Amino acid sequence: MAVDVYIVGLTGGIGSGKSTVADLFGTLGVAIVDTDAIARVLTGVEGRANPAIRIGMGAEFIAGDGSLDRALTRDRVFADAGAKRKLEAILHPLIHAEVEMALHSEPVQNASYAILVVPLLFETLTYRKRTQSTLLIDCPVATQVERVKRRSGLDADEIDRIVNAQLPRVVRLQLADNLIWNGKMTGSLREQIERLHVGYIQSAATSK
């Protein structure tokens, strides 16, 4: 069955505010499908991905409560490209299957349009092909680092490593169809979102 709903791919660097923006779109009745949220469920306590991770990568990757040991995993995948590929080979098909199930669900199909949140949208052809428009959440790199440090407790060097591993900000800006500015000196996020919301409803209507 084809997906009939108009899909906006939402992306941005770590700490840019993707979840905040998605939540605000959600308050407007937009259907939200978040790949990060799906991944957290798959690797949480009793998560469906964990048995395969235990077998394929080692029992040390699973914490005492039965969830993925995120700190260990983050360290390993940054240091070892082979470990990164193994983890992606386990997680990506499961995430993709859950995304497809969500996109075909009745609530999403009946929505005026859907937001598909993908941190690595521009690096992932599979999801880019699923979207009719792309929306980038942007802010200064220093703001990203500050936000991530405040919410996660990671040190600045580790955050910089994560930021530098992602697609450069200038490239994301070139690839995005639309932009939301979420820097410190920003206007109202809601005003930006409501303006885009009207446009997306119109685009969705004319695309059918």
If I ask for residues that are part of a helix (DSSP H, G or I), open to solvent by 80 Å² or more (accessible area, probe 1.4 Å) and either touching a Phe, Trp or Tyr at 6+ places or on another chain (Cβ under 9 Å) or farther than 19 Å from Pro51 by Cα (or both), which ones from region 76-116 would you list? Arg76, Ala79, Lys84, Met101, Glu106, Pro107
For Ala111, which of the numbered conditions (1) in contact (Cβ under 8 Å) with a residue 40 or more places away in the chain; (2) in contact with a strand residue (DSSP E or B) (Cβ under 7 Å, 6 or more places away or on another chain); (3) under 22 Å from Val163 (Cα atoms); (4) of a type outside the set (Ser, Thr, Tyr) fails to hold? (3)
Those helices (runs of 4 or more DSSP H) completely within region 117-208 that have 2 or more residues that are open to solvent by 70 Å² or more (accessible area, probe 1.4 Å) and free of Cβ contacts under 8 Å to residues at least 24 places away in the same chain are 141-152, 156-165, 169-175, 189-207
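The values are calculated or read from the model by the stated rules, or taken from the named source; none is laboratory data. The model shown is predicted, which means the values in this text are computed figures rather than measured ones. Don't worry about glycine lacking a Cβ; one is built from the backbone with ideal geometry, like all the others, and counts go over all protein chains shown. Remember, those area values only see protein heavy atoms, side chains included, never the ligands or the DNA or RNA. Shrake-Rupley method; radii C 1.70, N 1.55, O 1.52, S 1.80 Å.
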